[in-house]
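Peer 1: One structure coming up, written as structure tokens, with questions to follow.
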Amino acid sequence: MKIKSIKNESIASHHTIFSEDELLEINGHPINDIIDYKFYSSEPVLTLKLKDKNEKIKRIRLRKNPDQDLGLEFYEIRYRSCKNNCIFCFVLQLPKGMRRSLYFKDEDYRLSFLHGNFITLTNTSDSDINRIIRQRLSPLYISVHATDENLRKKIFANQKIPEVMPIIRELAEGGIELHTQIVLCPGINDGKYLEKSVIRLSAFYPYVKSLALVPVGLTRYRQNLPRIKPVGKKYSLTIIKLVDGWQKIFRKKFKNGFVYASDEFFTKGMNLKPQMSRMFHTKAELDIPSKRYYDDFNQIENGVGMMRKFLDQFEAKQKLLPKSLSRKLSITLLTGVSAFRLIKRVVEDRLNIIPGLKIKVIAVKNDFFGSTVTVTGLFTGVDIINALKRQKKIGDLIILPPNCINQDGLFLDDITPQEVENEFKRKVIIGSYDLVETLNKIFK
């Protein structure tokens, strides 16, 4: 791995280690990526083998505390890409002309371990499995979609993929914790296929720790792709009922729900019948289950339990809100269509009783990808601008959800929050998942 920079006053800075040197080995172990580096540099005594920019080999011996970092920063390595062509792959549903990085389909177990990316295990070799077990790269996040191999090959549009269950078995026997997901496509991998998948995956509990059911996401750019029915309200209610039945079985067997419907199923199935609301013990009879349903919230980054976390956190921290504002302030809060009714009801009812504060929640309709895309993580700048233009009045401040921009501060269409500010002459703030914390920072 080639060294990009060295932190000032770090251990490495006190030795003859320089940027552009290549780290080859630590204590005789080859260093191929950041995981190798962190794993093998944890020892108190290290011998580093490096190659300088003139191809000269040097060895450096040093001592450190076990939890002390050497201070080396590396250039980004190239990660593996996905060779499948899943019938619902979101990358294949992107229009032309977007930034290049959006078209990269990652399929690398290292990204699953480091960042929680879901992988299919279709390019994972025996040596990869051995390394995962040896270095305890746990947990991993696995897209299964179906355990029936013939169906799985059709979904992946790849007849050469290895069987997934033997790999899951080997990882489980090696003590690796796995969190799995199935993207549900109506009439394709549901019904008997879904039941089979749930039963087969649950056989490996507690190593297969959770299974999330997620509705398929479809954009308007599906030309020449297989036809897939969108997930609607009736289908969502069916899945919610199925999961409730499975959870009752698993809670008796495992003391854990194991299988979970993602938040989108609940927001798509809003306005449940009163008896179903009681079944989930919801607060204020909202259509989101109580926190018990989600156990340890293992798949919150996959949209499973995010709404419940938001609601509970908002309720718990309400006492931290001011009783009144010293000056009048109006705020426009943007959210996705899927969560709009719930957020509007909770947030506006509570916050608009504060004297001096006026907050309005508006939904951003996704015209860029199509009306079936309703989540905040797929906002584009142009849709945000159009949503605000449709309002008769905009607040003094505009708050956007935290997951609508990337690490470079860009929306999916490369528009920036600054451009939104310039368009409306209003301050734009990227909020956090803790709305009370965001608001109190504004009030101060």
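The values are calculated or read from the model by the stated rules, or taken from the named source; none is laboratory data. Predicted, not measured: the structure shown is a model, and the values here were computed from it. Using ideal geometry, Cβ is built from the backbone for each residue, glycine included, and neighbour counts are taken over all protein chains shown.
Peer 1: Select from the range 117-170 the residues that are on the phi < 0 side of the Ramachandran plot, assigned to a loop (DSSP other than H, G, I, E, B) and over 21 Å from the mean Cα position of the chain (by Cα) and list them in ascending order.
Peer 2: Scanning the range 117-170 gives Asn123, Thr124, Ser125, Gln135, Thr147, Asp148, Asn158, Gln159, Lys160, Ile161, Pro162, Glu163.
Peer 1: Something else about it: Taking the options Ile399, Ile394, Ile429, name whichever one is part of a loop (DSSP other than H, G, I, E, B), in the same structural domain as Lys323 (by TED's automatic domain parsing) and among the hydrophobic types (A, V, I, L, M, F, W, C). Talk me through it step by step, then tell me what you get.
Peer 2: Details: Ile399 fails: part of a loop (DSSP other than H, G, I, E, B); Ile429 fails: part of a loop (DSSP other than H, G, I, E, B).
Testing whether each residue is part of a loop (DSSP other than H, G, I, E, B), in the same structural domain as Lys323 (by TED's automatic domain parsing) and among the hydrophobic types (A, V, I, L, M, F, W, C) leaves just Ile394.
Peer 1: Here's another thing I want to ask about it. If you go through the range 75-91 one residue at a time, how many are in contact with an Asp or Glu (Cβ under 7 Å, 6 or more places away or on another chain), assigned to a loop (DSSP other than H, G, I, E, B) and free of Cβ contacts under 8 Å to residues at least 40 places away in the same chain?
Peer 2: Qualifying residue count, the range 75-91: 1.
Peer 1: Considering each of Arg80, Arg99, Arg110, Arg131 in turn, give the residue that is over 20 Å from Glu170 (Cα atoms) and in the same structural domain as His179 (by TED's automatic domain parsing).
Peer 2: Numbers: Arg80 fails: in the same structural domain as His179 (by TED's automatic domain parsing); Arg110 fails: over 20 Å from Glu170 (Cα atoms); Arg131 fails: over 20 Å from Glu170 (Cα atoms).
That would be Arg99, the only listed residue that is over 20 Å from Glu170 (Cα atoms) and in the same structural domain as His179 (by TED's automatic domain parsing).
Peer 1: Moving on. Within the range 26-61, restricting attention to residues that are in contact with a Ser or Thr (Cβ under 8 Å, 6 or more places away or on another chain) and not in a loop (DSSP other than H, G, I, E, B), which residue is surrounded by the most Cβ atoms within 10 Å (Cβ to Cβ)? Write out each step before concluding.
Peer 2: Let us first name the residues in the range 26-61 that are in contact with a Ser or Thr (Cβ under 8 Å, 6 or more places away or on another chain), namely 26-28, 58-61.
In the following step, the residues that additionally are not in a loop (DSSP other than H, G, I, E, B) were identified as 26, 58-61.
Numbers: Ile26: 20, Lys58: 14, Arg59: 10, Ile60: 14, Arg61: 9.
Here the answer is Ile26.
Per-residue answers, yes or no, for (1) touching a residue at least 12 places away in the same chain (Cβ under 8 Å); (2) among the small types (Gly, Ala, Ser):
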| residue | (1), (2) |
| --- | --- |
| Ser19 | yes, yes |
| Ile26 | yes, no |
| Ser41 | yes, yes |
| Pro44 | yes, no |
| Thr47 | yes, no |
| Lys51 | yes, no |
| Glu55 | no, no |
| Arg63 | yes, no |
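Peer 1: Examine the range 407-419 for a residue that is surrounded by fewer than 19 Cβ atoms within 10 Å (Cβ to Cβ), outside any loop (DSSP other than H, G, I, E, B) and not assigned by TED's automatic domain parsing to the domain that holds Gly217, and state whether such a residue exists.
Peer 2: yes
Peer 1: Search the range 290-305 for residues that are assigned to a helix (DSSP H, G or I) and pair each with any residue that is of a type in the set (Phe, Trp, Tyr) when their beta-carbon atoms are under 7 Å apart and the residues are at least 6 apart or on different chains.
Peer 2: Cβ pairs passing all conditions: Tyr293/Phe280; Tyr294/Tyr260.
Peer 1: Checking Leu342 against (1) free of Cβ contacts under 8 Å to residues at least 12 places away in the same chain; (2) crowded, with 17+ Cβ neighbours inside 10 Å, which single condition isn't satisfied?
Peer 2: (1)
Peer 1: Quick one: Ser112 ticks every box in (1) within 22 Å of the chain's Cα centre (by Cα); (2) modelled with pLDDT under 95; (3) of a type in the set (S, T, N, Q) except a single one, so which number is it?
Peer 2: The single condition Ser112 does not satisfy is (2).
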